[in-house]
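S.K.: There's a structure below that I have some questions on.
All of the numbers you see were taken from the coordinates with simple rules; none came from a lab. This structure is a prediction, so every number in the text was calculated from the model and none was measured. Cβ: placed from backbone, ideal geometry, glycine included. Neighbour counts: every protein chain shown.
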Amino acid sequence: MAIRSKTFSESYHEDIKLFRTIWLKSWIGLFLVVLAVLPLIGDPYIVYLINLSCIATIAALGLNILTGFTGQISLGHAAFFAIGAYATAIISNRFQVPFWVCLPASGVLAACAGIFVGIPCLRLKGLYLAMATMSFGVVVEYVVITWDNVTKGVRGISVPTLSIFGYPLDSNNKIYYFLIVLTALAILSAANLMRTRVGRAFIAIRDRDIAASVMGVNLTQYKVMAFAISSFYAGIAGGLYAYVMEYIHPEHFTFLLSVQYLAMIIIGGLGSVLGSVFGAVFITIIPEFIKAFAQFLTLLFPALQDKYDDGWNIAAFGLLIMLFLIFEPKGLSGIWNRIKTCFKNWPYTY
Amino acid sequence: MNTEFMFFIQLVVSGIALGCLYALIAVGFVLILKATGIMNFAQGEVIMLSAFICYFLVTTFHVPFLVAVLLTGIIAGLMGIVTERLILRPMLGEPIFSVVMVTIGLSIFLRSMAGILFGHNNLVFPSPFPTEAVKMGGIVVSQTEIWIMLSSLVLAAVFFIFFKYSRMGLAMRGTADHQDVALLMGISVKQVFALIWAVSFITAAASGVFLANVMVINLGLSVVAIGAFPAIVLGGLESIPGAIVGGLAIGIIENLAGGYLDQIIGGGVKDVTPFVVLFLVLMIRPYGLFGKKEIERV
């Protein structure tokens, strides 16, 4: 019997398995156990941050399917997110329907908007596509502010508490498990999607669309599908956001949010499911680190007292985008893979 | 003449003044786009920063207005060279998506740094132009608007002469046309790129100074540049005359929409109309009025 030195595959089926080694399975199991225990022992604020990271992960996964896998730049992801959030808020306020109607409805509505944008955008590429999606974002923001009798405009809209079959999830700790399950589902389905014909077609379109169409990939169908799936994810994430925040306002869904999602997938890693998770978590918690760093600085230089505000977060975040793109274009998932390979191949570096 | 018609003409005239500003901003974008193929999303922040710089030169340092404008232009030009050297040159050969994102990152960075340095207050520029308006046959035009139109005309002429007759202008056009051939002809493409960024930032500074005269100075000034995107697309992305025509057209359309539709739908139509136009242009004629129509054959 040959000794297995590294992970290798003996059949194609084995090659495309999601969890390829027993180690991976056990690590993921351990991780899930930690996640399950965390709200019992952890600080409520950490739970709140994880909740936000979950929502960001779902939205970033959606954007990564469209931008990272299919190669269609979108600067209007916040618009689909907003559509989902407002759909949830309005439907649950007006019709008093349970979440399992509300949430899918938000996703489907956002997906319809995605198709509506996707079809005319078929002819556009690169810069033109970026500008078209960006202008869609501006238009949605305008509609949300102006359509006062439905969206309540700049006064914002409050959202009823999420309740599952009569059991209200009225605290962050309770909604946490719900979010973790949904996020796990979203990650699994995105990872699975990329193993199917559809996912392969997306990647083919990204790499060279003309060649893909010669190989029998229907460009129209798949590009629109990418838009629909991506905005479905964004819609679901938006709905969850509305439930978690319990109050939404047009200010939450500006161009900066779209850029934030793009930053997540760039810093995480374009075209990588794991990367979307890394990026989403990273961007969500980075303000906390900056805050802590600012406090540390004020200890050293008392003159800096009260100089810290939100502006520093945003500045650091712009700087991070630039630095990652210039020095580490593959993102956090690239670093992760390098470290992993280094451990796997130890003591031989190659 | 009836008042309906006068109202229309009034809207068109102030639309032209606004359009000149858009055209100026659009030219700043198009210069970089044409020569290097990069869409600089940080242009708006440069405009905003120049407005702030000019304001502080005039108020805090008591520099005469014209000198302040000159100094602002020089500072902006230096900023352009530094940006090109530090941020864009490492990105040579990267996919267009990454390059666009780098400029977006730069724009976020500059805007929040401006917020930290200059604060979030509205500042009012001590305008050097007389405030009383000029009346011409019932149409009211402010003197600032007249100066904006005149200076835009002069700048457009300067650009035209520079690109048509000067040696450097020719080198820039050559580089925009074909980088490899330009390199073989002994043009230093790196130098041309640095200079293009400088010239583009100087244009942005000029529009920033004018904007400071017609609006209050705050961080929101950078958003005005996004309002120039429709102008660029309408003109056809890589054409300087296109940018000018597009800018004027968008200015007039925006004003007309504001004048007539605001009463029907309610406020804010003015701000969103350019984007609706942008969306329509992209759907119907993505290469704009003057752009090259690229044909892909399969």
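S.K.: Have a look at A:Tyr233, A:Tyr261, A:Tyr142 and tell me which one the Gaussian network model of chain A (Cα, springs below 10 Å) gives the largest fluctuation.
M.R.: Result for chain A, Cα springs under 10 Å: A:Tyr142 fluctuates most.
S.K.: In degrees between 0 and 90, to the nearest 10, how far off the longest principal axis of chain B does helix B:65-83 point, with axes built from Cα atoms?
M.R.: Roughly 40 degrees between the two axes.
S.K.: Relative contact order of chain A, please, whole-number percent, based on alpha carbon pairs below 8 angstrom and at least 6 residues apart. All intermediate terms of the calculation are to be shown ahead of the outcome.
M.R.: Values: 492 pairs, mean separation 102.2, N = 350.
Taking the mean separation of contacting Cα pairs over the length of chain A, I get 29 percent.
S.K.: Then there is this: What GluC sites (Glu not before Pro) in the range A:222-325 are in a loop by DSSP, with at most 15 other Cβ atoms within 10 Å of the Cβ?
M.R.: Hits after loop and neighbour filter: A:Glu246.
S.K.: At q = 0.08, 0.10 Å⁻¹, what log₁₀ I(q)/I(0) does a Debye calculation on the Cα points of the protein assembly as shown give, no solvent, two decimals?
M.R.: Values returned for q = 0.08, 0.10 Å⁻¹ are -0.65, -1.01.
S.K.: Sticking with this one: Regarding the range A:150-294, what are the three Cα extents along the principal axes, ordered largest first, in Å?
M.R.: The Cα atoms of the range A:150-294 stretch 52, 43, 32 Å along the principal axes, largest first.
S.K.: Near the amide H of A:Ile164, under 5 Å away, which other amide H atoms are found, from residues 5 or more places off or on another chain, if H is placed in the peptide plane?
M.R.: A:Leu169
S.K.: Taking only DSSP H segments of four or more residues, each worth -39500 (n - 2.57), what value at 222 nm results for chain A once the sum is divided by all its residues, to the nearest 500 deg cm²/dmol?
M.R.: Working: 15 runs with 249 residues, N = 350.
After summing the helix terms and dividing by residue count, I get -24000 deg cm²/dmol.
S.K.: Going out from 0 in 10 Å bins, what whole percent of all Cα-Cα distances in chain A drops into each bin?
M.R.: Result, from short to long distances: 5, 22, 31, 25, 12, 3, 0, 0 percent.
S.K.: Amide H to amide H under 5 Å from A:Ile73: which residues, 5+ apart in sequence or cross-chain, H placed 1.01 Å off N in plane?
M.R.: When sequence neighbours closer than 5 places are left aside, the close amide H contacts are A:Gly126.
S.K.: Farthest toward the dipole's positive end in the range A:38-345, which of A:Ile205, A:Ser272, A:Pro250, given Cβ charges of +1 (Lys, Arg) and -1 (Asp, Glu) about the Cα centre?
M.R.: So the residue furthest toward the plus end is A:Ile205.
S.K.: Now a separate question. Whole-Hz ³J(HN,Hα) for each residue in the range B:163-169, computed from phi via Karplus 6.51 cos²θ - 1.76 cosθ + 1.60 with θ = phi - 60°, x for glycine and proline: what do you get?
M.R.: Couplings: 6, 7, 10, 7, 5, 5, x Hz.
S.K.: Highest GNM mean-square fluctuation, chain A, Cα pairs closer than 10 Å: which of A:Ile73, A:Ile83, A:Ile28?
M.R.: A:Ile28
S.K.: What angle do you read, to the nearest 10 degrees and between 0 and 90, between the alpha-carbon axis of helix B:240-265 and the longest principal axis of chain B?
M.R.: 40 degrees
S.K.: Taking the convex hull of the Cα atoms, report for the range B:21-221 its projected area averaged over all directions, in nm².
M.R.: So the mean shadow area of the Cα hull is 12.6 nm².
S.K.: Of B:Lys34/B:Lys164; A:Lys17/A:Lys330; B:Lys34/B:Lys190; A:Lys125/A:Lys223, which sit over 18 Å apart, Cα to Cα?
M.R.: Details: B:Lys34/B:Lys164 15 Å; A:Lys17/A:Lys330 23 Å; B:Lys34/B:Lys190 15 Å; A:Lys125/A:Lys223 12 Å.
Long pairs (Cα-Cα over 18 Å): A:Lys17/A:Lys330.
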